[in-house]
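Laboratory data are not the source of any read-out in this text; all were calculated from the coordinates shown. Computed from a predicted structure; not experimentally measured. With ideal geometry, Cβ positions are generated from the backbone for all residues, glycine too; neighbour counts draw on all protein chains shown.
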Amino acid sequence: MDESFNFYYADNLEMLSRYARVVYFSPIKDEEPPECDGLYIGGGFPEVLAGLLARNSRMMSRIKEYAEDGMPVYAECGGLMYLSRSITDQDGSKHDMVGLVDADTIMDRRLTLNYTEARISNPCIIAEHGSMVRGHEFHYSTLVDIARDSRFAYEMLRGKGVDGSRDGFIVHNTLASYMHLHFSHKNLVERFVASCKRYSTR
């Protein structure tokens, strides 16, 4: 929660706090995440302060290490952009990012704005295969040079997602999507927290 990542449904944070202790941190100012069993990186405008995010290489390295170790990481929109290889801002400057998601983010002036609905095509840290999720997407960016072997959790029924038909990169125990989910169905939170508990006790 900082100048770059500040879009979270208040309901989502309230729901999470019923099941787990929620601790906030800043990918800009802090050297590393707090001691935790899972990460939630929400939306915002990481392209605005991309230079500051890029300079905090220790934070990015630690997040990538945690994810590669199997820590559950849920990221949406700005969080997805942050986890990609790079962000190229509207001035054309390219900034290295976490590099967990095998794609690059390019800013453009076209707004993607939709309500979204998707079917879970691959089980992930928030939902089982075949279940449905709903939310929205709002961004001025596009992902390019996406690795051909990328795995996706969402089959889009409404909305654009990453490429018009898919969204929700699955990397290790990370789920990163353009879609913002509202945790109105408590099973989403329960499954995410259960994933965190399994990580903490392994």
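Running a GNM on the chain with Cα contacts under 10 Å, which residue among Arg18, Arg62, Arg85 ends up with the highest mean-square fluctuation?
Looking only at Arg18, Arg62, Arg85, the biggest GNM fluctuation is shown by Arg18.
If I model a spin label at Asp149 and Arg109 as a point 7 Å from the Cα along the Cα→Cβ vector, what separation in nanometres do I get?
4.0 nm
Could you check the simple spin-label distance between Asp96 and His136, using points 7 Å along Cα→Cβ, in nm with one decimal?
Each label point lies 7 Å from its Cα, and together they span 3.6 nm.
Counting pairwise Cα distances across the chain, what percent come out greater than 30 angstrom? Walk me through the intermediate numbers first.
Working: 2496 of 20301 pairs.
Tail of P(r) above 30 Å: 12 percent of Cα pairs.
What number, rounded to the nearest 500 deg cm²/dmol, is the helix-based mean residue ellipticity at 222 nm of the chain, given -39500 (n - 2.57) per DSSP H run of at least four residues and division by all its residues? Intermediate values should be presented prior to the final figure.
Numbers: 5 runs with 50 residues, N = 202.
Dividing the helical sum by the residues of the chain leaves -7500 deg cm²/dmol.
What does the charge count near Gly42 come to, summing +1 for each Lys or Arg and -1 for each Asp or Glu among other residues with Cβ under 11 Å from its Cβ?
My count for the surroundings of Gly42 gives -2.
Order by neighbour count: Ile41, Ile120, fewest other Cβ atoms within 10 Å first, most last.
Ordered from fewest to most neighbouring Cβ atoms within 10 Å, Ile41, Ile120 come out as Ile120, Ile41.
With only Lys, Arg, Asp and Glu charged, each at its Cβ (+1 for the first two, -1 for the last two), find how big the charge dipole of the chain is about the Cα centre; round to the nearest 20 debye.
So the dipole magnitude of the chain works out to roughly 480 debye.
Considering only the other residues whose Cβ falls under 10 Å of the Cβ of Glu32, what net charge follows from Lys and Arg at +1 and Asp and Glu at -1?
-2
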